[in-house]
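What follows is a set of notes on a single structure, which appears directly below.
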Amino acid sequence: MSSPVPGFAGAPPTGVTTLLVIAKEPLPGRVKTRLTPPFSPAEAAALAEASLADTLDTVRTLPAARHVLVLDGRPGRWLPPGIEVTEQCAGGLDERLAAAFGSCTGPALLIGMDTPQATAADLAAALAPGAWDGCDAWFGPAEDGGFWALGLAEPDPGLLRGVPMSVPTTGAVQRRRLVEAGLTVRDLPRLRDVDTAADATHVAALAPDGRFAAELARLTRAAVR
């Protein structure tokens, strides 16, 4: 018998929604480049790995039809059991997100690897039994103007293609695209992505018991020796 999942009152990890995590393999020089400096590329990659591990640890406990990692690269020691792995397609981020949704049948909810502080409670509304009753899309805004989560009752890739990614207006453009398509959109909590060292400190304080916080503390201690 499954243990109760925080935010889901004893619900088992099954449901109608495919839960997607889109991520890059945490290799030096390929991830979290805005953390360098003050961190080295290897340290930034270690923080990215911890962030991804925290995210996957949370995701695999959540009620979903499937738990899928859409990965650019190869799986590593950070991959927990119970997570399917599929390969990202080529192209810009909008194309890769679109393809991730296009591979799904039925409702799908996608999150990134940059919010290790995300909890079951943050995602509860979008994964509850009645999440799609009168709702076509779930949108999780990020503090930097992007978005950390996006759910679609009918995962149409065309809703993402052409949206400018990694700019301050990304979230606004994406949400407007959903509304202009006639979708009923509900919002998830606003979260902060880890992009800079200041972001890392802020996020670690929100989830002090996670791997991300532990890795940041380890690197900080090493820097002052």
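With each label modelled as a point 7 angstrom along the Cα→C-beta vector, the ALA214-ASP72 pair spans 2.8 nm.
In this simple spin-label approximation, ASP133 and THR196 carry label points 7 Å from Cα along the Cα→Cβ vector, and these lie 4.3 nm apart.
Calculate, in nm to one decimal, what MET165 and THR119 gain on full extension: separation in residues at 0.36 nm each, minus their alpha carbon distance. Mind dumping the intermediate values first?
Values: separation 46, 0.36 × 46 = 16.56 nm, distance 2.43 nm.
Full-extension gain reported as 14.1 nm.
Placing pseudo-labels 7 Å out from each Cα toward the beta carbon at ARG221 and VAL185 gives an inter-label distance of 4.4 nm.
Once every DSSP H run of n ≥ 4 in the chain is given -39500 (n - 2.57) and the sum is divided by its residues, what mean residue ellipticity at 222 nm do you get, rounded to the nearest 500 deg cm²/dmol?
Values: 6 runs with 71 residues, N = 225.
Taking each H run of at least 4 residues, the total per residue is -10000 deg cm²/dmol.
The candidates LEU188, LEU93, arranged from most to least accessible area with a 1.4 Å probe in the full protein assembly, appear as LEU93, LEU188. P(r) tail for the chain: Cα pairs beyond 25 Å make up 37% of the total. Inter-part distance, the stretch 68-89 to the stretch 166-225, computed on C-alpha centroids, equals 20 Å.
Derived scalar couplings between HN and Hα for the stretch 137-153 equal 8, 10, 10, x, x, 9, 5, 7, x, x, 9, 9, 8, 8, x, 10, 5 Hz in order, rounded to whole Hz, by the Karplus curve 6.51 cos²θ - 1.76 cosθ + 1.60 (θ = phi - 60°), x for Gly and Pro.
For VAL163, the amide hydrogen comes within under 5 Å of no other amide hydrogen, counting only partners 5 or more places away or on other chains and with H modelled in the peptide plane.
The values are calculated or read from the model by the stated rules, or taken from the named source; none is laboratory data. These figures come from a predicted structure and were not determined experimentally. No Cβ is skipped: glycine too gets one built from the backbone with ideal geometry, and neighbour counts run over all protein chains shown. We work out accessible area using only protein heavy atoms, side chains counted, and drop any ligands, DNA or RNA first. Shrake-Rupley method; radii C 1.70, N 1.55, O 1.52, S 1.80 Å.
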